[in-house]
């Protein structure tokens, strides 16, 4: 029995392709059991929710010593938790387990910053154990699903990855080495996602220009989109890599073809070089040729040496094709032909800049050509209404970047799906903040808003999340924490937003079960409108706090700013993520803060100079007085 | 004056001046000697109240000056005080804001009337008088409130120290007079007098006359010589009434805690464990680990073997290395560990006092932390010698 199974429990009876199911990971208890760590999970995950709302079972936790296979479950439609460097942002492991999610998504590119693949020889763990996530289903992919980062172009041999120390090139060999060391439950096959195309800046249609190949523009598409050849190559390359990865997983040599090609190339080069240098260096040349042959033989033997298969790792494959429908269809069909693939990922992040409608249409093209019986994960469509539309197209899995982004903005979720259990509360909050879109109810409130300073009520009345439960933490308190630049603010907001997102999915699953999904989806959009675009703007109140902080840190040295170390590094991270995305307002405010700082610096410098001048003047006067005194003293 | 606490000494060390006690406050019992973590602005650096409770913390600090600025008195009155505001149902102690005279000196001006601060947030002026401090602390509702004192840096010498000492006494009288809830909140006096034994003596004599529910030793931990520091502490605990809790303000390094307990102090506070956590420094019985260092990259041990905090139970040093100072969670985890470490240290100290093996504990503690006797700090050796524990000649008994 394969470790990963996907069961469809209910297919929507109505017009849409929505379905409810479970993703189940079965593994021998000995493989991951760690008594210590699973006890943590047991105590914290038991209390999740009153209803069956959060369906993600944790029944596997207790079985450290009995021989039952461990089962971990994600109910679908559902989510993998989005992580940064292997941790759910702001949430310590105990709080993280209160949110009701059964899966974690880990981006290899974030871990590569610190752990070079070369250092894996001493690696004693699976990634699950290293991150203490044995009770979750762990999915590993190269890229971070929460954002779209432009990186230099990939090649046949590697994908480009941005690190703190610049761009690095990750080869397939290195990728396989990482996967063998990490042994995640599910891995996304390395794919040539087109991250080199500048989708948001028109007129820079390129992509593989740097690859030195001719580009043919796709008919009728804006020039910012990658050319047809680039798209085709992305599909081909990814399929080739997928095949190699699948071979390697079986313990077979995945690089025979690569080496043959390399050898042919070398031979060709040798030929040309030897014809060029035939007269003088022939003797030396034959010698080097011999050595190289020998070298090749030894290299072949080492490479072909039996490799250990890694069948315990399930495989998700990226479905590509960019804006080109034909290529999307080809990618989907070709990928689906590979029986060993356990699930699919459609990353819509590189489509950013296109309209939602276009993106959803392209998603549909991919999903329509994938086998129904395997799970499909979608990146880049995370706002609740986008999730609903994606589910209607047959998507099963998402990630939690949405609550993560809300939290970063200081927002708390109010939206709810289904039989309106939160509806009345939301209505009462209608006057609390500006209404996004044409919604009749707020989907969230921004806790930076001054109006919350005296609201001694929970973020959402009746919410069972850590922050709201029992009315322990109020809007006023969180407003205070934000303004005091205290990290507990994001802890509480993240708890709430994650919990509500999880509840949203639980209600969606229930509605698919009950046959009300289509009806509730329509009323959701009616009630909550659609998510306004995230501009990267900083709330005015936040700008004031940050200006004051930089002033204070200047006043009493770097120490007082330490209060925000973690936080500001986080901010720094996201700033670099969306370069050029900073709104005009925040820019202005930043400029203002900079101007004030400069002014103050100038003032201080002036003061210093003045004081020094005074001191010098005084000294001078003193010297003059001394000299006079000397002069006036009659010599003996 | 009235008192809203109960102070029961349950064991006394047979060798040193250390004692174990239960301090019963309006929000529950506190086992002393106690280290009190500092949540200046109504929160302990990213740790949730539930997590703090889980660490066994029974009392936490807030700061009057900071809470007075934000959220402000009006909001505190509206919601019913700082306990409710921050969702913390155990004890709170509020510092009066006096210490900010030193830490924010550039922004403060001190007169007989009070201290005038410039708000670092918006530049507005705030006059903190003894009356205002009491009124704020009554609104906050802390179980223990500190008098407003005239704090001078412990490095200051000359007439300013004496002026501050006498002013602190005058301000104590004004605080007592202005205190509206002596039946539910305890006011502690703060002994001043710099490093001068005569002045300390005078100050204690005057303040003891005022009969406050507890006393604090103030004006230390400002970078003074450690050898002078311990002598002041020891002199104060000798002169202060033994039937009341003694609180040494701003002390938090592990060896300082152990020595001061031996000198007879019961309560401590310090921002150090949580502040240093934010720089990736984890405290252990064998010293501090700076987890930012690459040497922890492949170190697959927990921070401290046997520690039951969530950081040690969940993660290795290698993983923490990847997130400290980069992710807020890294901060939270090390803060939790360091707080757990401090509280555990005090629990061990307390147990050893109760079981009358505190001297042995001290020997082991110093051996674990400094390894070689030659590395023991001289001031600590001298201080402990003064209470009959000889770290160099004496031997750790099994």
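Filtering segment B:1-18 to residues that are closer than 18 Å to residue B:359 by Cα and in contact with a strand residue (DSSP E or B) (Cβ under 7 Å, 6 or more places away or on another chain) leaves B:10, B:11, B:12, B:13.
Of all the numbered requirements in (1) over 21 Å from residue B:55 (Cα atoms); (2) outside any loop (DSSP other than H, G, I, E, B); (3) within 11 Å of chain A (Cβ to nearest Cβ), residue B:379 misses one, and that requirement is (3). Look at residue B:46 and say whether it is in the same structural domain as residue B:140 (by TED's automatic domain parsing), surrounded by 21 or more Cβ atoms within 10 Å (Cβ to Cβ) and farther than 27 Å from residue B:128 by Cβ. The answer is yes for residue B:46. Just one of the listed residues (B:260, B:248, B:270) is in contact (Cβ under 8 Å) with a residue 12 or more places away in the chain, under 26 Å from residue B:143 (Cβ atoms) and surrounded by fewer than 24 Cβ atoms within 10 Å (Cβ to Cβ), namely B:270. When each of A:82, A:90 is tested for being touching a helix residue (DSSP H, G or I) at 6+ places or on another chain (Cβ under 9 Å) and on the phi > 0 side of the Ramachandran plot, the lone residue that passes is A:90. The condition of being in a helix (DSSP H, G or I) and either within 22 Å of residue B:366 (Cβ to Cβ) or in the same structural domain as residue B:33 (by TED's automatic domain parsing) (or both) holds for only one of B:244, B:228, that being B:228.
Counting only strands (runs of 3 or more DSSP E) that sit wholly inside segment B:257-370, those with at least 1 residues that are closer than 18 Å to residue B:57 by Cβ and under 24 Å from the mean Cα position of the chain (by Cα) are B:267-270, B:281-284. Any idea which residue in segment A:118-146 is farthest from the other protein chains (Cβ to nearest Cβ), counting only those that are outside any loop (DSSP other than H, G, I, E, B) and more than 20 Å from the chain's Cα centre (by Cα)? Filtering segment A:118-146 for residues that are outside any loop (DSSP other than H, G, I, E, B) and more than 20 Å from the chain's Cα centre (by Cα), the one farthest from the other protein chains (Cβ to nearest Cβ) comes out as A:118. When the residues of segment B:24-53 are filtered to those that are in contact (Cβ under 8 Å) with a residue 12 or more places away in the chain and out of contact with any helix residue (DSSP H, G or I) (no Cβ under 8 Å at 6 or more places or on another chain), the one that is farthest from residue B:141 (Cα to Cα) is B:53.
Selection of segment A:178-192 for residues being assigned to a helix (DSSP H, G or I) and touching a strand residue (DSSP E or B) at 6+ places or on another chain (Cβ under 8 Å) yields A:179, A:182.
Considering every residue within segment B:69-82, establish whether at least one is touching a strand residue (DSSP E or B) at 6+ places or on another chain (Cβ under 8 Å), in a loop (DSSP other than H, G, I, E, B) and either assigned by TED's automatic domain parsing to the domain that holds residue B:337 or modelled with pLDDT of 95 or more (or both). Can you show your working first?
Step one: of segment B:69-82, the residues touching a strand residue (DSSP E or B) at 6+ places or on another chain (Cβ under 8 Å) are B:69, B:82.
Narrowing the set further to residues that are in a loop (DSSP other than H, G, I, E, B) leaves none.
Looking through segment B:69-82, none of the residues is touching a strand residue (DSSP E or B) at 6+ places or on another chain (Cβ under 8 Å), in a loop (DSSP other than H, G, I, E, B) and either assigned by TED's automatic domain parsing to the domain that holds residue B:337 or modelled with pLDDT of 95 or more (or both).
Residue count for segment B:16-40 under the criterion of being crowded, with 23+ Cβ neighbours inside 10 Å and not in a strand (DSSP E or B): the result is 3. Does residue B:318 count as more than 30 Å from residue A:121 (Cα to Cα) and within 14 Å of chain A (Cβ to nearest Cβ)? No: the conditions fail for residue B:318. For segment B:305-312, the condition holds for no residue, the condition being that it is crowded, with 24+ Cβ neighbours inside 10 Å and more than 14 Å from every other protein chain (Cβ to nearest Cβ). All conditions but one from (1) within 26 Å of residue B:378 (Cβ to Cβ); (2) buried (at least 18 other Cβ atoms within 10 Å of the Cβ); (3) at pLDDT below 95 apply to residue B:157; the one that does not is (2). Residue A:17 fulfils the conditions (1) within 14 Å of another protein chain (Cβ to nearest Cβ); (2) part of a loop (DSSP other than H, G, I, E, B); (3) surrounded by fewer than 21 Cβ atoms within 10 Å (Cβ to Cβ); (4) at pLDDT 85 or above except for a single criterion, (1).
Among the residues of segment B:337-359, write down those that are surrounded by 24 or more Cβ atoms within 10 Å (Cβ to Cβ) and either at positive phi or within 7 Å of another protein chain (Cβ to nearest Cβ) (or both). Across segment B:337-359, there are no qualifying residues. Scan segment A:522-529 and tell me whether some residue there is within 26 Å of the chain's Cα centre (by Cα) and either at pLDDT 95 or above or not in a helix (DSSP H, G or I) (or both). Yes, there is a match, as at least one residue in segment A:522-529 is within 26 Å of the chain's Cα centre (by Cα) and either at pLDDT 95 or above or not in a helix (DSSP H, G or I) (or both). The listed residues are A:124, A:152, A:77, and the only one of them that is modelled with pLDDT under 95 and over 24 Å from residue B:309 (Cβ atoms) turns out to be A:152.
Among the residues of segment A:480-491, those identified as at the interface with chain B (Cβ under 8 Å from one of its Cβ atoms), in a helix (DSSP H, G or I) and surrounded by 24 or more Cβ atoms within 10 Å (Cβ to Cβ) are A:480, A:481, A:488, A:490, A:491. Taking segment A:223-251 as the range and being closer than 23 Å to residue A:175 by Cα and in a loop (DSSP other than H, G, I, E, B) as the test, the residues that pass are A:250, A:251. Within segment A:93-117, being more than 21 Å from residue A:74 (Cα to Cα), modelled with pLDDT of 85 or more and within 10 Å of chain B (Cβ to nearest Cβ) holds for A:110, A:111.
Scanning segment B:56-89 for residues that are more than 10 Å from chain A (Cβ to nearest Cβ) and in contact with a helix residue (DSSP H, G or I) (Cβ under 7 Å, 6 or more places away or on another chain) yields a count of 12. Within segment A:438-479, if we keep just the residues that are within 26 Å of the chain's Cα centre (by Cα) and outside any loop (DSSP other than H, G, I, E, B), the residue that is nearest to residue B:70 (Cα to Cα) turns out to be A:478.
Taking the criterion of being within 14 Å of chain B (Cβ to nearest Cβ) and either more than 21 Å from the chain's Cα centre (by Cα) or assigned to a loop (DSSP other than H, G, I, E, B) (or both), the residues of segment A:147-177 that qualify are A:164, A:165.
The values are calculated or read from the model by the stated rules, or taken from the named source; none is laboratory data. Predicted model only: the values in this text are computed from it and were never measured. Cβ sites come from the backbone with ideal geometry, for glycine too, and all protein chains shown count toward neighbours.
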